[in-house]
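Chemist: Dumping the structure here so I can ask a few things about it.
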Amino acid sequence: MKVRIKLISPLGSPPPGFDKFGIAAVDIDCEATLADTLARFDLTVQEPYMTLVNSETIVASERDRHVMGDGDEVTIFPPIQGG
Amino acid sequence: MGWQQKVLRVDLTAGTAKQEPLNMDWAAKYLGQRGLATRYLMEEMDPTADPLSPENKLIFASGPLTGTMSPTGGRWSVVTKGALTGAIACSNSGGHFGGEMKLAGWDMIIFEGRAKSPVYLLIQDDKTELFDARKFIWGKTVWETEDLVKSRHQDPLIRVASIGQAGENLVRFACVINDRDRAAGRSGVGAVMGSKQLKAVALRGTKGVQPDNPKAFIKAVVAAQRKVAIAANSERLSKTGTMAMMDVTNSYGSLPTHNSRDVQFRNGDKVNYRAMVTPRRSDGQANLVTNKACFACTIGCGRISRIDPQHFSIQGKEQYKSALGGLEYESGFALAPLVGVDDIEAATFANAVCNEYGMDPISFGGSLAAAMELFEEGAISEKDTGGLKLNFGSADALVEAVEITGTGMGFGREIGLGSRLLCEKYKHPEFSMSVKGQEFPGYDGRAMQGMGLAYATSNRGACHLRASPFTDDFTYVRTEGKAKIVKDSQDKNAAVDSTGICAFAHGALDLADFAKQIDAACQGEWTAERLVKTGERIWNLERQFNLAAGFTVADDTLPQRILKDAAKTGAGKGRVSELSVMLPEYYELRGWDKKGVPKEVTLKRLDLA
């Protein structure tokens, strides 16, 4: 399955696997979870982050139970506030 | 003392300016800026007065940390009864004007009455003088005004806060602009200034601010500076400004689009941060040039852009061809998705015109979006608009509309009424996406239930800065717990807005960090707990002003679209705002009765009885 990942406003340069704008497209196994998908990347330098799959928030405790679907779009974003 | 303990009172009717001591009892209870100026306003004016009458007062106010080395300590506020809302208005600005006011030795400037003819005020430390603005800067743009005043008084370091033609023409969402592109933006404070025939305030200060305990102050400030310097939020704001939010709200489904008929914008990738930094095909340059910081700020969230020189909006208009203030999230959302426009250069141009003529881009965008809906629904036609085709998505319409609104030409005068009066005039009040007459910022209250409650209860009308339910709202589409999050953050933000420090430092500093700096700068035992109580006191004082002005529980609401029309997509798909569930809990937490009136016990607890 193919999924697209958007890393919003990363600290420093985006980690390997992302382009300079923080976009990545990856192939994942069927029945892979969101946690499996995120594990493909080194996100350790990032702050605690929040995740959307399409428009649905997947809280941290649910990431290893949320099964991905083909064509899903993952948005990874920090706890930013508006201004 | 962090305070200079001096107020300048300017009677525009009499043409006089007098010094008076700051009320230090009030300073101890309301700090400065938003809180202290509201205390003065409540004491000195009838809240039922017409906001555009001489009976309204206009207060420029600094905080105890404004003008100090405290990180981001350059904030100042304009407090008055808002021309857009008729409610208490406090618009907070950055730049260098606030710091300069403090360095000139003034905590506050209170303007009262109305000048017989247009004037501007020049302050050079203790020396103050009103000058005739006729045949000089009246009728000029904000940018021209700033240049002319500096030139006439032969001092390039003078700081200027002024209104453009929008304020002179009483556009209901006119703002006060300082340092070319920093705005006391919301609620129509610029229209109040225009109604007083006060064109500009020019300042030059050469004094310092003397903290009460310099050694403790420097220790507290250095610790705070270090926190701000290493905070992830600071790095992000420096790099992307606030525009990173566009992708978040668009992905989540809380991006007000097409006058809030939609919550996601199909062409969001054309008007987001990535679009700002991607080199253009036309000239190989990116829209974003660099960032910009305000007084004492080490973050630098401000955006400096250059519009594509080949873009249709700036042909023959030299003033837009150099670097100028760029899009931030709020202006970006309002001048692009909200009106359906996917042309980032047109949105940047519209933002520049808002700065040049002195208009709030959020309310301009909201009013134009309402006009577009009126047009597309047939409530108005080209006959009404003077031939302007106000279709969603039209960059041509955006570019022309912003110019005629700023200059008060043709249908621009109608847009300048603000969405509420505009939609009432054309018999479709339901098209106005506003609370208490003030247009929505860039968050939809269906996916973001907490923000919906924050809009409904904001004392100055719909506002994204009065409360901070972002993290919970981006995690849970639910009503549970929102009332407490909104209430608590409203109190904290009211305190921060009264210190002289920027809300963006709040991302790195907790209230204890604020308290240590204030405690060292000012006499008195300042703690985080005292700041929270001060914020709650300010919130209730603002509420008292609004109740006295005639607002009721019926005004703590949202447009029917948000309450009855379910979101079509996104996290809130199928949901409406459940305000009726959250509001009673909010009143209870506030210690207000069912009509939203603070109970006697609440007022006594806050020393407001």
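Chemist: Expressed as a whole number of Å, what is the distance separating the alpha-carbon centroids of the stretch B:432-492 and the stretch B:303-359?
Modeler: Taking the Cα centre of the stretch B:432-492 as reference, the centre of the stretch B:303-359 is 28 Å away.
Chemist: So for the stretch B:1-139, averaging the separation of alpha carbon pairs under 8 Å that are six or more residues apart and normalising by length, what relative contact order in percent results?
Modeler: Once normalised by length, the contact order is 28 percent.
Chemist: Need the list of aspartates and glutamates near B:LYS116 for cross-linking: C-alpha distance under 16 angstrom, and skip anything on the same chain fewer than eight residues off.
Modeler: Counting by Cα, and skipping residues close in sequence, B:LYS116 has these aspartates and glutamates nearby: B:ASP11, B:GLU55, B:GLU129, B:ASP132, B:GLU168.
Chemist: Which FRET efficiency value, to the nearest 0.05, do you get for B:LYS127 and B:ARG180 by plugging their Cβ-Cβ distance into 1/(1 + (r/R0)^6) with R0 = 35 Å?
Modeler: 0.90
Chemist: Also, I was wondering about something else. Please compute, for peptide B:241-252, the average count of beta-carbon atoms on other protein chains lying within 10 Å of each residue's beta-carbon.
Modeler: The mean count of partner-chain Cβ atoms within 10 Å per residue comes to 5.
Chemist: A further question on this structure: Per residue of A:51-58, how many C-beta atoms from partner chains lie within 10 Å of its own C-beta, taken as a mean?
Modeler: Per-residue shielding by partner chains comes out at 6.
Chemist: Something else about it: Can you tell me which of B:226-238, B:416-428, B:336-348 comes out highest on packing, and rank the rest after it, using the mean Cβ neighbours within 10 Å?
Modeler: By packing density, highest mean first, the sequence is B:336-348, B:416-428, B:226-238.
Chemist: Mind checking the mean number of beta-carbon atoms from other chains within 10 Å of the Cβ atoms in A:1-13?
Modeler: 3
Chemist: How would you rank B:THR475, B:THR407, going from fewest to most other Cβ atoms within 10 Å of each one's own Cβ?
Modeler: The most exposed by this proxy come first: B:THR475, B:THR407.
Chemist: Sticking with this one: Going down the list A:LYS6/B:LYS239; B:LYS140/B:LYS292; B:LYS239/B:LYS292; B:LYS102/B:LYS196; B:LYS196/B:LYS425; B:LYS564/B:LYS595, which pairs span over 19 Å between their C-alpha atoms?
Modeler: Long pairs (Cα-Cα over 19 Å): B:LYS140/B:LYS292; B:LYS102/B:LYS196; B:LYS196/B:LYS425; B:LYS564/B:LYS595.
Chemist: Would you please state which residues of the stretch B:464-493 a label at B:ALA512 would reach in this model, taking the label point 7 Å out along Cα→Cβ and a backbone N cut-off of under 15 Å?
Modeler: Within reach of a label on B:ALA512, which here means backbone N under 15 Å from a point 7 Å along Cα→Cβ, the stretch B:464-493 contributes nothing.
Chemist: Would you kindly calculate the mean projected area, averaged across all directions, of the convex hull enclosing the Cα atoms of the protein assembly as shown, in square nanometres?
Modeler: That works out to 28.0 nm², a quarter of the Cα hull's surface.
Chemist: Another question, then. Can you tell me how much longer the chain between B:SER580 and B:ARG605 gets when fully stretched, taken as 0.36 nm per residue apart minus their C-alpha distance, in nm with one decimal?
Modeler: Contour length minus the Cα-Cα distance gives 6.3 nm.
Chemist: Apply 1/(1 + (r/R0)^6) to the Cβ-Cβ distance of B:ALA223 and B:VAL553, taking R0 = 41 Å, and write down the FRET efficiency to the nearest 0.05.
Modeler: 0.40
Chemist: Over the stretch B:6-204, how many percent of alpha carbon pairs lie in each 10 Å bin up to the one with the longest distance?
Modeler: 10, 41, 40, 9, 0
Chemist: May I pose another question? Going by C-beta contacts inside 10 Å, put B:MET243, B:MET582, B:MET24 in order with the fewest on the left.
Modeler: If I rank by nearby Cβ atoms, fewest first, I get B:MET24, B:MET582, B:MET243.
Chemist: Contact order normalised by length for the stretch B:35-107, with contacts defined as Cα pairs under 8 Å and 6 or more residues apart; what percent is it?
Modeler: Result for the stretch B:35-107 is 29 percent.
Chemist: OK, next. Say each of B:SER381 and B:LYS6 gets a label point 7 Å from the Cα, pointing the same way as Cα to Cβ; how far apart are those two points in nm?
Modeler: 6.3
Chemist: What is the packing order of peptides A:45-51, B:99-105, taking the mean over residues of other C-beta atoms within 10 Å and listing the highest first?
Modeler: In decreasing order of mean packing, A:45-51, B:99-105 become B:99-105, A:45-51.
Chemist: Taking the Cα of B:ASP50, stepping 7 Å toward and past its beta carbon, and measuring to each backbone N in the stretch B:105-139: which are under 18 Å?
Modeler: Answer for this model: B:112-117.
Chemist: Ranking request for peptides B:291-304, B:359-372: highest mean number of other beta-carbon atoms within 10 Å first, then the rest in descending order.
Modeler: Packing order, densest peptide first, comes out as B:359-372, B:291-304.
Chemist: A follow-up question, please. So what is the 222 nm mean residue ellipticity for the protein assembly as shown from helices alone, if each DSSP H run of at least 4 adds -39500 (n - 2.57) and you divide by all residues, rounding to the nearest 500 deg cm²/dmol?
Modeler: When only DSSP H runs of four or more count, the value is -10000 deg cm²/dmol.
Chemist: Would you mind ranking B:TYR443, B:TYR329, B:TYR320, B:TYR455 so that the residue whose beta carbon has the fewest other beta carbons within 10 Å leads the list?
Modeler: B:TYR320, B:TYR329, B:TYR443, B:TYR455
Chemist: Next question. Step through the table entries B:LYS18/B:LYS81; B:LYS57/B:LYS215; B:LYS6/B:LYS487; A:LYS20/B:LYS436, compare each Cα-Cα distance with 31 Å, and write down the pairs that go over it.
Modeler: Exceeds cut-off: B:LYS57/B:LYS215; B:LYS6/B:LYS487; A:LYS20/B:LYS436.
Chemist: While we're here: Taking a ≥ b ≥ c as the square roots of the Cα gyration tensor eigenvalues, with a/c under 1.5 meaning rounded and otherwise prolate when a/b beats b/c, else oblate, which class fits the stretch B:473-605?
Modeler: Here the stretch B:473-605 falls in the oblate category.
Here, each number is a calculation from the coordinates, and none is a lab measurement. As the structure is a prediction and not an experimental result, all values here were calculated from the model. For neighbour counting, all protein chains shown are included, and Cβ atoms are generated from backbone atoms with ideal geometry for every residue, glycine included.
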